[in-house]
Amino acid sequence: MQIHRFALLLVSSAWACTGGASDGGGGGSAADARDPVRVDAGTDDAANVPDGAPAPDGTPAPDAGMDRDAMPALDAGDASSACGMAPTGSWRGTSRIQDNGSGGFSYVEGDVEWVLASTEGCVDTFRPTGIVRYGYEHSGGSNHQQVTVQPGDGTLVIDRSARIATYVIAASTAPAGAWADHRGSFDGRMFAGFLYGQVARMWSIARVDAEFPAPTSGCSEPATDVWQSQLAHAGFQGTADVTWTRTSTTGCVDRFASSGTARVGTVQGTDFLLDYDPPHGPIAAGDAELVIDRSTSPPGFELRHGATTWPATLRRTYEDGTVTTEQGNAIAIWAEFFEGAYDGNHFSAQREDRTGWTFSRAP
């Protein structure tokens, strides 16, 4: 089993086939498909957060400041520093935003090194240097171009106040458009992921000094029996607290069954609002399957789908104020096509509507 490395092969294969040159064809570039994001602040669309649910790991929004109180306590063994994590040095990798249409896709991808620009306390700000590739592929033709990144095109902000660091990345390069706009946390040497959707995010960013040699024999790390996670899918108003228990291992590929609690917020219907009572239910082992592949370095995870149903009262509130109730089943869809590589014992990622994941190895 080979985990699909968050579709980044689409980038290199499309670029290699064209040699980076335009071959004509109709359609617009990725810059036409979306508005550039602000480099200095990004937005946190609270309206899209599932009702009553926090972000998967409480990662702060880019414009909300770093909440020291919400972070884990500093490692007691790190008495030599006021920061929970030592300085990381520069980072290197790719970030891609891809707009998927029925007949093809458009994309913008930054291939850059993030160089330290400033440090305030335990908060480091990095600026990009490198190139941006952008273009489209569809039935009417294709077009691929590239442009040089300017340092002012983006920021990677890493807060090392706690042993689990948080990051916020936002970048946009003219005329291509936005190529990074997500956030997360980590305690290792890299962060990566693939968030599926009409507009998908794909990224893989590692410390410049990090090395991940392919395993010469055996697996890249020992098997883990239990992972804990928080997951959210804002499009379906679903969230979940999940315990993943290893059920089988074949070679270096581990499979995990799910248990825990799923929740669903208010769902917007065509002319009504739908609520469930109770708004939460138990997650069954067959509601989802987590797969971890340790045959590669770094290892990777894959969670294709997570959904839970339970008996509930369905309450519909219509625009004219009419309310109806009936007995039925609630459904919470809390994961869809989440995957990526990881390093360390904790990793998380969320897009701007807080769809995403948090994983931590159980003690």
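The values are calculated or read from the model by the stated rules, or taken from the named source; none is laboratory data. Since the model is a prediction, treat every value here as computed from it, not as a measurement. In this analysis, Cβ positions are derived from the backbone assuming ideal geometry, glycine residues included, and neighbour counts consider all displayed protein chains. Note: areas computed on protein heavy atoms with side chains; ligands, DNA, RNA excluded. Shrake-Rupley method; radii C 1.70, N 1.55, O 1.52, S 1.80 Å.
Computed quantities for the displayed model
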item	result
Rg over Rh [alpha-carbon atoms, Kirkwood Rh] for region 227-330	1.13
More than 19 angstrom apart: percent of Cα pairs within region 78-149	53 percent
Gap separating the Cα centres of region 253-304 and region 94-150, nearest whole Å	30 Å
Sites residue 216 and residue 138, calculated FRET efficiency, Cβ-Cβ separation with R0 51 Å, nearest 0.05	0.75
Extension reserve of the residue 285-residue 118 stretch, reckoned as 0.36 nm per residue once the Cα distance is removed	55.4 nm
Label-point gap, in nm, between residue 329 and residue 223 - each point 7 angstrom along Cα→Cβ	3.2 nm
Stretchable slack from residue 198 to residue 246, in nm (0.36 nm times residue separation minus alpha-carbon distance)	14.1 nm
Which of 92, 361 is most accessible, then next, and so on - probe 1.4 Å	92, 361
Ordering of 336-348, 243-255, 209-221 by packing [mean C-beta count within 10 Å, highest first]	336-348, 243-255, 209-221
For peptides 140-148, 234-242, sequence by mean Cβ density within 10 Å, most packed first	234-242, 140-148
Distance between modelled label sites at residue 208 and residue 131, nm, 7 Å Cα→Cβ extension	1.9 nm
